[in-house]
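Here's the structure, in structure tokens; my notes come after.
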Amino acid sequence: MLMEFPSPVGFLTAKGLVCGLARTLGIIAPAEPRQMYHIVFNGCNNVKVQGVKVSASGNSPNTDGIHVQLSSSVTILNTKIATGDDCVSVGPGTNGLWIENVACGPGHGISIGSLGKNSEEPGVQNVTVKTATFTGTQNGLRIKSWGRPSNGFARNILFQHAVMQNVQNPIIIDQNYCPDNKGCPGQVSGVQISDVTYQDIHGTSATEVAVNLDCSSKNPCSRIKLQDVKLTYNNQPASASCSHADGSANGVVQTGSCL
């Protein structure tokens, strides 16, 4: 079990569950930062969540809206999430996750990871994020892994039809995650990221670099696809930055391609 702290709503090894929580879940951040998810699915199979509204202050740390890990066939539909951390976070061991029609903001976006905290770790695969809106968030679509050895992976991921509204990092892969520079300085991520597609992503970036693919020097990202990405900064096409990333770009990639 990877979850270290309690959450207001948690599901452990649930199967065939449909959650229609048409209400607001709120949380008060603790005095000392710790991980306090609003909703957690841990070790679950065949779960659907729909019509959920999560609300927390934008400055409340570690208050992820929905967290999924060690679970398969989870569907999240028609949700509105405002929080001080990830709107949706995807942890190790997630397979077959479908996220559609999600409004995120404030918050840190939709994040796969962080991955690779442990040297032996199940991967993440077959994830679709479709029709999402990000408003004033720190990130939009993010994949992040610890900058240290691990056998983890993230593959077969589709980000499709996303709208960015003044988002600091609309598209980001960060494989050098090392909070407080503890436990990872001087190391590189062992997590392998492959077969990730960004399709029809448009809107505005709050920073000049709207696409930042900062991959592992030991395990470069492979088969990354940018299709019809149209992001602007100050009414001009935003820029892109790639490190150790391989792939292709087609359609109208207004940011310019660094692949």
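Some points to look at:
Table: residues versus (1) crowded, with 21+ Cβ neighbours inside 10 Å; (2) touching a Ser or Thr at 6+ places or on another chain (Cβ under 8 Å).
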site: Lys182; (1), (2): no, no
site: Val188; (1), (2): no, yes
site: Val191; (1), (2): yes, yes
site: Ser194; (1), (2): no, yes
site: Thr204; (1), (2): no, yes
site: Leu213; (1), (2): yes, yes
site: Ser216; (1), (2): yes, yes
site: Cys221; (1), (2): yes, yes
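- When residues of the stretch 130-139 are limited to those that are open to solvent by 40 Å² or more (accessible area, probe 1.4 Å) and part of a strand (DSSP E or B), the one nearest to Gly190 (Cα to Cα): Lys130
- Of all the listed residues (Arg155, Arg148, Arg142), the sole one being closer than 21 Å to Asn250 by Cα, out of contact with any Phe, Trp or Tyr (no Cβ under 6 Å at 6 or more places or on another chain) and either surrounded by fewer than 23 Cβ atoms within 10 Å (Cβ to Cβ) or among the β-branched types (Val, Ile, Thr) (or both) is Arg155.
- When Ile173 is tested against (1) closer than 19 Å to Arg148 by Cβ; (2) surrounded by fewer than 17 Cβ atoms within 10 Å (Cβ to Cβ), just one condition goes unmet, and that condition is (2).
- Filter pass, Ala82 being without any contact (Cβ under 8 Å) to a residue 40 or more places away in the chain, in contact with a Ser or Thr (Cβ under 6 Å, 6 or more places away or on another chain), open to solvent by 30 Å² or more (accessible area, probe 1.4 Å) and of a type outside the set (Val, Ile, Thr): no
- Just one residue in the set Ser119, Ser89 is in contact with a Ser or Thr (Cβ under 7 Å, 6 or more places away or on another chain), assigned to a loop (DSSP other than H, G, I, E, B) and among the polar types (S, T, N, Q); that residue is Ser119.
- Of all residues in the stretch 92-109, those that are open to solvent by less than 10 Å² (accessible area, probe 1.4 Å), in a strand (DSSP E or B) and closer than 19 Å to Ser194 by Cβ total 1.
The values are calculated or read from the model by the stated rules, or taken from the named source; none is laboratory data. None of these values were measured; they are calculated from a predicted model. Quick reminder, even Gly has a Cβ in these numbers, built from the backbone with ideal geometry, and neighbours come from all protein chains shown. The protein model used for the area step is the full one, side chains on, heavy atoms only, and it has no ligands, DNA or RNA in it. Shrake-Rupley method; radii C 1.70, N 1.55, O 1.52, S 1.80 Å.
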